[in-house]
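The values are calculated or read from the model by the stated rules, or taken from the named source; none is laboratory data. In this text the structure is predicted, and so the values were computed from the model without any measurement. Heads up, the Cβs are rebuilt from the backbone with ideal geometry, glycines too, and the neighbour counts pull from every protein chain shown.
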Amino acid sequence: MLLSECRPGQAGVITGILGNGPLVQRLMEMGLVAGTRIRVLRLAPLGDPMEVELHDYFLSLRRSEADAVEVEI
Amino acid sequence: MITPTATRRVAIIGNPNTGKSSIFNALTGLSQKVGNYPGVTVEKKTGVLTPGIELIDLPGTYSLAAHSPDEMLAVRVLLGDHEGEPAPDLVVVIADATTLQRNLYLATQVIEIGLPTIIALNMIDVADSRGISVNTRGLSKALGVPVIATIANRRLGVEELREAILGGLDLPAPLPGWTWPEPIAREMKELESKFGTDGFLLRRALIDENGPAEALLASRVGGDMRGALEGARARIREHAPSAAALEAEMRHRWIGEATAPYVQRTAKGRRRTERIDDVLIHRIFGLPIFILVMGAVFISIFAWAAPFMDMIIGFFDGLGTTVVELLAGTPFAGGALESMVVEGMIAGVGGILAFLPQIVFLFLFIAILEDCGYMARAAFLMDRLFRVFRLSGSSFIPLLSSFACAVPGIMATRTIGNARDRMVTVLIAPFMSCSARMPVYSLMIAAFLPARMIAGFLPLQGLIFGAMYFVGIFAAIPAAVLLKRFLVKGPRSTFVMEMPAYKVPNPRSVGIRILERSRTFLRQAGTIIFAMSVVVWALGYFPRPAEIGARFDEERGHAERTMIGAERAEVLHRIHKEEAGAYVRASFLGRAGHFLEPAVVPLGWDWKIGMATVASFPAREIIVSTLNIIYDLGEESGDGDEREALIGKLAAARRENGQPVFTIPVALSIMVFFALCCQCGATLAAIKRETNSWRWTSFTFLYMTVLAYIGALVVYQVGTAMMG
């Protein structure tokens, strides 16, 4: 499933990154690559963005940006 | 050939939030200087490690794959391709021991550049408390570069780092222990043989499609560089999603495998930061808490600044009086020089310095928010809302600050990651009604808006006051959308943002930041405001028609001859004020007012209002004192009886045809003009500094003035039609 579809509390492994371009490159640089463990912490009060944890740090990204990340829960 | 100077240069680079500033401060102390790199909006920060060794603090970045010209700056400095300055002799990468994987991404890229490199592994105490322990010696072997452990905010390891830097200047170039995936390596060989260029920049140009590295290389190397790069990328895409994906995958895999033996983890419970966030950015309570915190801080700033403001105003008033006393009895008494010093320089500079306490408190508030980590949470909470205006949540704090004063707000835009969003935020910040507009609003409202109640319990005056703030906001929103769409070019905004761990702000680093920013403000305000104050003074002082002087001298003579005591003193005082009024009305400024009158008639203004508005272009609060003088009330400004007197005069002012000058629509149009116009030299100076461009600064001034004019026009015409 896509990271954007995950609910707070869910955790799993990234299986792939979809697409190309600067956004995707940035995501990968920040550690979102296949094989990385990732956990969804919460959504913002207005529903967006979402906060995740990976590689010992916390990252916030918009749901539309999380559409590029495939995960397996 | 010019012998290069003996100064060795050491660049410092690292992810944001790694304590890079602490280390830089610890190594350079107060020798640090901040300036601007020409052509980009990022600051240039340098300092002295020891005489002969200069430290350059490069902007925090996650990767050398620059996505914007600002990020490209670090790359160019490291490649020795910036302003003819040679490449640094050594690079220190500050890595956060608690997030080693991500930090080493940048470190491995830096190592590839081929300069002597040292890694400072900071915050090992925090790592320790999280159950992460790092074998720095082993790590150093794996990476092929020295690794120094530091705890910068406790000044531990800093001496070792300094020693390592001194020794490191003679290190050989590091050898990367990782190999590039075959598709990339193959294309690199092709490109190298075809174009005779090689190495880091070429590989970055290949991987970062349409990025700054490609642009730089294409401009340097002839031939069809771009075409060749495109071809290479297409061939790579036969084997993988993209060259960037190959790089990321290679790097992360190598880092994971190479560092695994040297990083031990013991499982710990949920982190403190996460538990704090459970409260502060709670799905339901997060926003109310946020609004409360922001409101409380904001109100405190005004409350704490007030007594200091009064002190400064009192000081400058006293200074003016002292100068007059000093000059009494000298040939300068009552003359042009005295006036220039007292009414031009002292009043002008004093006026802007009165806002210094508020500005300093804002710097304090912003610095604490940044350092403790809550700033990122504010952006997280506000992002969805700001998306509506095509901005991101990072614009919230800068724009909020601008409601007190745009200068700190504009400086705070540095935290906005996306260059395009940052520019747009800078350009709309002056729309947030700042404290200097309050005297204008309250004067107009007190004088002309009836103290009535709407619906029995809502005070009209209060509502209008509040509405003025919304005028700015409602102008800023379409401005932001249009600016972003048509005028401000750059990469698409993304909101991928690290949420740093909460930490107690370091008083020293907060203090240094406030000091440095205040120094900048004073220097900007000092020069621009000083210059503008003298100019405005001169335009309001000259020429001094002899007839006016003669007329009032006659009146004065008559009073001195025929009156005594208190009555005499009062009359002389009145004559003095009327004379000042007559002079100012006959001055260049007055003539400008007359000249502009046809232009401001559609706004419902007369020439005096036009004149006072023009006079307040350096600093909007000047309008109050200018109106005082024009209406023969002398230079006293502001509160109490003097304000009542001004209100009385304004209310009584009549045009030639007997109609009142100031009607409600006129008052509203004046307020709307001031709400939308950028009448502040300090703000323009701040915009110039942050955008590094006279073009954008003058554009802001012009477009806001035009908008202010149209707004005032519409309000007056519609208002008169409705009330008429």
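For segment B:352-364, how many residues meet the condition of being in a helix (DSSP H, G or I) and surrounded by 22 or more Cβ atoms within 10 Å (Cβ to Cβ)?
6
All but one of (1) modelled with pLDDT under 85; (2) within 14 Å of chain A (Cβ to nearest Cβ); (3) over 30 Å from B:V388 (Cα atoms) hold for B:F521; which doesn't?
(2)
Looking at (1) exposed (fewer than 13 other Cβ atoms within 10 Å of the Cβ); (2) over 29 Å from B:T7 (Cβ atoms); (3) hydrophobic (A, V, I, L, M, F, W, C), which is the one condition that is false for B:L175?
The one condition B:L175 does not meet is (2).
Looking only at segment B:419-440, how many residues end up being farther than 18 Å from B:L684 by Cβ, surrounded by 22 or more Cβ atoms within 10 Å (Cβ to Cβ) and not aliphatic (A, V, I, L, M)?
1
Check off (1) more than 8 Å from chain A (Cβ to nearest Cβ); (2) in contact (Cβ under 8 Å) with a residue 12 or more places away in the chain; (3) farther than 27 Å from B:P176 by Cα; (4) among the charged types (D, E, K, R) for B:D277 and give me the number that stays unchecked.
The one condition B:D277 does not meet is (1).
Out of the residues in segment A:51-73 that are of a type in the set (A, V, I, L, M) and touching a helix residue (DSSP H, G or I) at 6+ places or on another chain (Cβ under 6 Å), which is farthest from the other protein chains (Cβ to nearest Cβ)?
Result: A:V71.
Could you list, in sequence order, the residues of segment B:515-526 that are of a type outside the set (D, E), in contact (Cβ under 8 Å) with a residue 12 or more places away in the chain and surrounded by fewer than 19 Cβ atoms within 10 Å (Cβ to Cβ)?
Result: B:S518, B:T520, B:L522, B:G526.
Checking the condition modelled with pLDDT under 90 and over 20 Å from B:R517 (Cβ atoms), which residue from B:I12, B:I2 passes?
B:I2
So the check is Cβ under 6 Å with 6+ separation or different chains; which pairs have a first residue in segment A:37-50 that's at the interface with another protein chain (Cβ under 7 Å from one of its Cβ atoms) and a second one that's surrounded by fewer than 21 Cβ atoms within 10 Å (Cβ to Cβ) and not in a strand (DSSP E or B)?
The qualifying pairs are A:R42/A:P8; A:P45/B:R283; A:P45/B:L287; A:L46/B:R384; A:D48/A:R63; A:D48/B:R384.
May I ask you to say which residue of B:M611, B:M532 is in contact (Cβ under 8 Å) with a residue 40 or more places away in the chain, in a helix (DSSP H, G or I) and under 40 Å from the mean Cα position of the chain (by Cα)?
Answer to the check: B:M532.
Go through segment A:1-36 and give me each residue that's β-branched (V, I, T) and within 12 Å of another protein chain (Cβ to nearest Cβ).
A:I14, A:I17, A:V24, A:V33, A:T36
Quick one: in segment B:226-245, which of the residues that are within 13 Å of chain A (Cβ to nearest Cβ) and surrounded by 20 or more Cβ atoms within 10 Å (Cβ to Cβ) is nearest to A:T15 (Cα to Cα)?
B:A245
Looking at B:I284, B:I291, which one is exposed (fewer than 14 other Cβ atoms within 10 Å of the Cβ), modelled with pLDDT of 90 or more and outside any helix (DSSP H, G or I)?
On inspection, the qualifying residue turns out to be B:I284.
Output the number of the condition that A:L32 fails; it satisfies all remaining conditions of (1) closer than 24 Å to B:F386 by Cα; (2) part of a loop (DSSP other than H, G, I, E, B).
All conditions are met except number (1).
So which of B:L650, B:L684, B:L676, B:L668 ends up being surrounded by 16 or more Cβ atoms within 10 Å (Cβ to Cβ) and modelled with pLDDT under 90?
B:L650
Working only within segment B:372-401, note down all residues that are part of a loop (DSSP other than H, G, I, E, B), within 19 Å of A:R62 (Cβ to Cβ) and out of contact with any Lys or Arg (no Cβ under 6 Å at 6 or more places or on another chain).
B:V388, B:F389, B:L391, B:S392
Being assigned to a loop (DSSP other than H, G, I, E, B), at negative phi and out of contact with any Asp or Glu (no Cβ under 7 Å at 6 or more places or on another chain) is the filter here, so list the residues in segment B:295-350 that pass it.
B:A328, B:T330, B:P331, B:A333, B:G335, listed by residue number.
Of the residues in segment B:464-502, how many are within 14 Å of chain A (Cβ to nearest Cβ), of a type outside the set (D, E, K, R) and surrounded by fewer than 16 Cβ atoms within 10 Å (Cβ to Cβ)?
Qualifying residue count for the region: 0.
Within segment B:644-700, track down each residue that is of a type in the set (V, I, T) and closer than 21 Å to B:M432 by Cβ.
Correct list: B:I670, B:V672, B:T683, B:I687, B:T691, B:T697, B:T700.
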